[in-house]
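What follows is a short report on a single structure.
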Amino acid sequence: MNYDQNQDLLYEGKAKKVFATKKADQLRLFFKDDLTAFNAQKKGSFQGKGALNRDLASLFFSFLAANKVKSHHVSDMGLTEMIVQKLQMIPLEAVVRNFMAGSFAKKMGRDEGEKLAFPIVEFYFKDDALNDPFLSDEQILVLGIEKAAVVEQIKVKTLQINSLLRDLFSQAGFDLIDFKIEWGRNAKAELILGDEISPDSCRIWDQKTHEKFDKDRFRRDLGGVEEAYAEVYRRLKSVRENQS
Ligand code: ADP
Ligand code: UDP
């Protein structure tokens, strides 16, 4: 009988597959080589992207753990997989912005690259059919998605992660322009950082040249997507090696 690669598959998303494991409280995330943009209207891929994003996500999670920020990461498996704590995901994308870029620049008719006076957190409802709409804090409360105290806790923890990541990127010669993270609750009802952090979900610019090293290279057909992701990993790995 052939080994079924998709045995125990619980969910296939745009960038990852989620598998059950023998342990009820753990999942296996498989990082795909696929790249999508504009709610999957634009599709692409490059060989080795899954492995790079797995390695980068793992590097970020271990960096955060070293700074007392817990995530779902348990261990890496093979080249493209990660064992994680199973979370009840909160259906919100928490976006941090340090600089003007992307949808914020577009909706305000501004140029990208202006440093914001202070970092801000925005929430988007995770729903592909609705195109992940922006939600104000009050909209989250009135819809009963989360309680005020949890929204506040997510904001505080998200900004703490921002300040740690900004510093890490800066040591690698990058500005962290903006990024998206997702939160969930584990079996003990603790609020835990889930999903991934990678160039798919961050804007990363070279501090000197302002060259882009993230998914905007794919979104905007700039070329050199693979080289950019590899360079982010190369520089951050070197920073982490010097830290330990
Ligand atoms: P999408 O669903 O947006 O297409 P992915 O392809 O990255 O995204 O799919 C991964 C899915 O797994 C996402 O829906 C994400 O919310 C979910 N997820 C991430 N980490 C966990 C976790 N620890 N427990 C349960 N679900 C998770
Ligand atoms: N982002 C993401 N997933 C999404 C939407 C946004 O990872 O579904 C990230 C995106 O890569 C960027 C940040 O969140 O780093 C802010 O994205 P923005 O709102 O500017 O939207 P975009 O123009 O990227 O669609």
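Just so it is clear, none of the values below were taken in a lab; they were calculated from the coordinates. Quantities reported herein were computed from a predicted structural model and do not represent experimental measurements. With ideal geometry, Cβ positions are generated from the backbone for all residues, glycine too; neighbour counts draw on all protein chains shown.
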Trypsin sites (Lys or Arg not before Pro) lying in DSSP loop within region 22-117, provided at most 10 other Cβ fall within 10 Å
LYS22, LYS68
In region 129-203, GluC sites (Glu not before Pro) in a DSSP loop with at most 10 other beta-carbon atoms within 10 Å
none
According to the square roots a ≥ b ≥ c of the eigenvalues of the Cα gyration tensor, what is the shape class of region 155-244, taking rounded for a/c under 1.5, prolate for a/b larger than b/c otherwise, and oblate for the remainder?
prolate
If I stretch the segment between GLN243 and HIS210 completely, what's the gain in nm (0.36 nm per residue apart, minus their alpha carbon distance), one decimal?
9.4 nm
Counting only Cα atoms, I'd like the Rg/Rh figure for region 20-137, Kirkwood definition for Rh.
1.00
Considering only C-alpha atoms, what is the centroid distance from region 13-27 to region 174-199, in Å?
16 Å
Rounded, prolate or oblate: which one fits the chain, using the alpha carbon gyration tensor with axes a ≥ b ≥ c (rounded when a/c is under 1.5, else prolate when a/b beats b/c, else oblate)?
rounded
Provide the FRET efficiency to the nearest 0.05 for the VAL156-SER136 pair, computing r from the beta carbons and using R0 = 25 Å.
0.90
Going 7 Å from the Cα of LYS126 in the Cα-to-Cβ direction, what parts of region 176-198 have a backbone nitrogen less than 19 Å from that spot?
179-198
Please state the shape class of region 78-144: rounded when a/c is under 1.5, otherwise prolate if a/b exceeds b/c and oblate if not, all from the C-alpha gyration tensor.
oblate
Sparse-neighbourhood loop sites, GluC sites (Glu not before Pro) in region 34-116 - DSSP loop, at most 16 other Cβ within 10 angstrom:
GLU114
Inter-probe distance in nm under a simple model that places probes 7 Å from Cα toward Cβ, at ALA189 and LYS115
4.2 nm
Would you mind calculating the relative contact order of region 60-202 from Cα pairs under 8 angstrom and at least 6 residues apart, reporting the percent as a whole number?
29 percent
